[in-house]
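Just below is one structure, and these are the notes that go with it.
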Amino acid sequence: MSDQPRVEIYTKEDCPYCEKAKDLFDSKGIEYEEYNVTGDDDRFEEMVERANGRKTAPEVFIDDELIGGWDDTSALNETGELDEKLGIADDSDDEIVEHRKLIIAGTGIAGLTAAIYAGRANNEPLVIEGDEPGGQLTLTTDVANYPGFPEGIGGPELVNNMKEQAKQFGADLKNGIIESVDDSQRPFRVELTNGDVYTADAVIAASGASARTLDIPGEDELMGYGLSTCATCDGAFFRGEDMLVVGGGDAAMEEATFLTKFADTVYIAHRREEFRAEDYWVDRVQEKVEEGEIEIMKNTELIEVHGSQEEGVDYVTLVENEKGHPTDRLDDPETNEFEFDVGAVFLAIGHTPNTEYLEDTGVEMDDEGYLETQGGDGGGQTETAVPGIFGAGDVVDYHYQQAVTAAGMGSKAALDADEYLEDLERADSSAEEAEPAAADD
Ligand SMILES: Cc1cc2nc3c(=O)[nH]c(=O)nc-3n(C[C@H](O)[C@H](O)[C@H](O)COP(=O)(O)OP(=O)(O)OC[C@H]3O[C@@H](n4cnc5c(N)ncnc54)[C@H](O)[C@@H]3O)c2cc1C
C-alpha cells in the first residue's frame, strides 16, 4: 500500500450511496478497506459507535477521522478538501487546465448517452460527474422498464455499463462539479468548484435534478438519523419499524413498495386525493394495501419530525384536511393536526433541476429552473438560448423524467452539438483561408 491515508468505508448490501462512495475513491485511485455491515451485528454496532450514533451507510473514515455519509463526503469533494485530506490536492497555480471541444455536465443517463454519441463523432467529450456520479438511477436496484433488459437491470449496473461504453469511444470522465459557465467569451470558460478551469467550444447540460426536502422542523437534525431521501439505501436499517413515505409520484410508490420488505407497516402521506404516479405503481401499491402492508393517508402532509440523533425518529406531526393541501389550510377548523408514531421517514417529493452553474448565462429557464430548449421537430431540438449550449434529460424534461427519455435527449444533444461544432470548424477554416487574401490587398 502507498503512503496514502487509511480510508475505511462501512457499507451494506443494496446501498447505492455506498457504491457511489466506493466509485469516488476508485476514481481517485485511492485504496480503501470496506466493511460490509449487512448481517454482521458487531460491525454494525462498531459503525454506529464510530459514526456518533448514525445508522446509515456508507460511513467514511480517513485516518480514523469521521468524514460521514455520502452527502458529507461529496460536499468535501466539492470544495477540494477531500483531496487535501487524501494528499492528492493539485497545488498548481495554472488556471486553465485544458481546452476541450465538448464538455458534458453530468454522468446520469442523459450525460452518458450524450458521451457515447459524442465520442463516436470524434468530439472527445470531457464528462464532469457532479455530486451524484451516475445520477439518480444509481439509487434504484431494479430498473424494469429500460428496453433491452427483459429480466430488469440494477441502476448502478446500467450506469457502469454506459460509462464503459462512453470510455470505449473516447470520452473522459472526471470527478468534479461545475460551478459556472461563462458564455460572454468563446470558447466558453467552465470553472469547477475546486478551482479547475476548462475552456470548451460546446457544452451539454445534462445535470439532472436532485431530491427535494420539505424544510420543516426536525429535518436537518434527523436527516441520516431515521429521515432519508433514499429508501433503497436506508430502508433495511429500520427493519420491523413502522415507516412513513411522503409523496404521491412514481418514486413514492416505488419506495413504499420496496419498504414493505422491512417495515411492519408502510404509511404513505400524500397531500392530495389522487396520486400522480403511473397506474402500474398505483396498482402495485393497491395490492400491498389489500395485503395489509401499506396504508394510505390521503390529503395529509408532514409538518414536523421528532426524535434525536441518538434514538432516531420517534414520531411525526401530520396535518389532514379532506379538501387537500392541508398546509395551505392550517387556519381551516376542519384541518386536523395529529401526532403519529413511526420509526423512519422517507421523503419522495420530487426534484429540483440542477442549474445553478448556468444562472449567469443567457440560457433560459422556466419558473422552477428547468432549462428551456428549442424542442419541436427537426434538428436543434436541444439548443438553449445560447448557441453552443445544449440541454438534455431531467434538467430540461420536468414531465417524462424517465431513463429512456433522458437517454433519447442525450443522443439528440450530442448530435446537435456535433452539427454546431462542425459549423464552427467550417467557419474557422474559411476565416483562415480568407486571411492571406486580406493580407495581399
Ligand atoms: C429512486 C429512483 C428510481 C427510478 N427508477 C426509474 C426506473 O425504474 N426507470 C426509469 O426509466 N427511470 C427511473 N427513475 C428516473 C431516472 O432515474 C431519471 O429520469 C434519469 O436518471 C434522468 O437522467 P439524467 O441524466 O437526466 O439526470 P440524473 O440522473 O439526475 O443525472 C444528473 C447528473 O448531473 C450531475 N450534475 C449535477 N449538477 C452538476 C454540476 N453542477 N456539474 C456537473 N455535473 C452535475 C449529477 O452528479 C449527475 O451525474 C428513477 C429515479 C429515482 C430517483
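The values are calculated or read from the model by the stated rules, or taken from the named source; none is laboratory data. Predicted model only: the values in this text are computed from it and were never measured. Note that we place each Cβ from the backbone using ideal geometry, even for glycine, and neighbour counts take in every protein chain shown. The area values use the complete protein model at the heavy-atom level, side chains included, leaving out ligands, DNA and RNA. Shrake-Rupley method; radii C 1.70, N 1.55, O 1.52, S 1.80 Å.
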Rounded to the nearest 5, the percent of DSSP beta bridges in the chain running antiparallel is 50
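From the helices alone, meaning DSSP H stretches of at least four residues, give me the mean residue ellipticity at 222 nm for the chain, per-run term -39500 (n - 2.57), in deg cm²/dmol to the nearest 500.
It comes out at -9500 deg cm²/dmol, rounded to the nearest 500.
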Toy charge model, Lys and Arg Cβ at +1, Asp and Glu Cβ at -1: region 219-347 dipole around Cα centroid in debye, rounded to 20, equals 340
Where a ≥ b ≥ c are root eigenvalues of the Cα gyration tensor, a/c under 1.5 meaning rounded, otherwise prolate if a/b exceeds b/c and oblate otherwise, region 7-86 counts as prolate
Counting only protein heavy atoms with a 1.4 Å probe and every protein chain in place, the carbon and sulfur fraction of the accessible surface of the chain in whole percent equals 41
Quarter of the surface of the C-alpha convex hull for region 219-347, i.e. direction-averaged projected area in nm², equals 7.3
Debye calc, one equal point scatterer per Cα of the chain, no solvent, log10 I(q)/I(0) at q = 0.09, 0.12 1/Å comes to -0.63, -1.06
Taking the alpha-carbon centre of each part, the distance from region 376-437 to region 182-218 in Å is 17
Highest GNM mean-square fluctuation among Asp366, Asp23, Asp63, for the chain with Cα springs under 10 Å, belongs to Asp366
Length-normalised contact order of the chain, Cα under 8 Å, at least 6 apart, in percent, tallies to 15
Nearest 10, in degrees from 0 to 90: the angle of helix 16-27 to the longest Cα principal axis of the chain is 30
For 301-307, 212-218, ranked highest to lowest by mean beta-carbon neighbours within 10 Å, the order is 301-307, 212-218
For region 1-149, the percent of all C-alpha pairs falling in each 5 Å bin, from 0 up to the bin holding the max distance, is 2, 8, 15, 18, 17, 15, 11, 7, 4, 2, 0
SASA check, Asp201, accessible area w/ 1.4 Å probe, all protein chains in place, rounded to nearest 10 Å², comes out at 40
Loop-resident GluC sites (Glu not before Pro) in region 46-114 with no more than 16 other Cβ atoms inside 10 Å, DSSP not H/G/I/E/B, are Glu95
Between the Cα axis of helix 70-79 and the main Cα principal axis of the chain, the angle (0 to 90°, nearest 10) is 30
The rounded separation in angstrom of the Cα centers of region 155-172 and region 1-80 is 24
Largest-first ranking of Arg271, Arg189 by accessible area, probe 1.4 Å, whole protein assembly kept, is Arg271, Arg189
Ordering His325, His99 by the accessible surface of their heavy atoms, 1.4 Å probe, largest first, yields His99, His325
Bridge orientation stat for region 7-86 from DSSP, antiparallel percent rounded to 5, came to 65
Quick tally, 1.4 Å probe accessible area for Lys167, Lys288, Lys85, Lys261, sorted with the most first, runs Lys261, Lys167, Lys85, Lys288
Helix 279-290: inclination vs the chain longest Cα principal axis, degrees, rounded to 10, gives 20
With +1 at each Lys and Arg Cβ and -1 at each Asp and Glu Cβ, the charge dipole magnitude of the chain around its Cα centre, to the nearest 20 debye, comes out at 1140
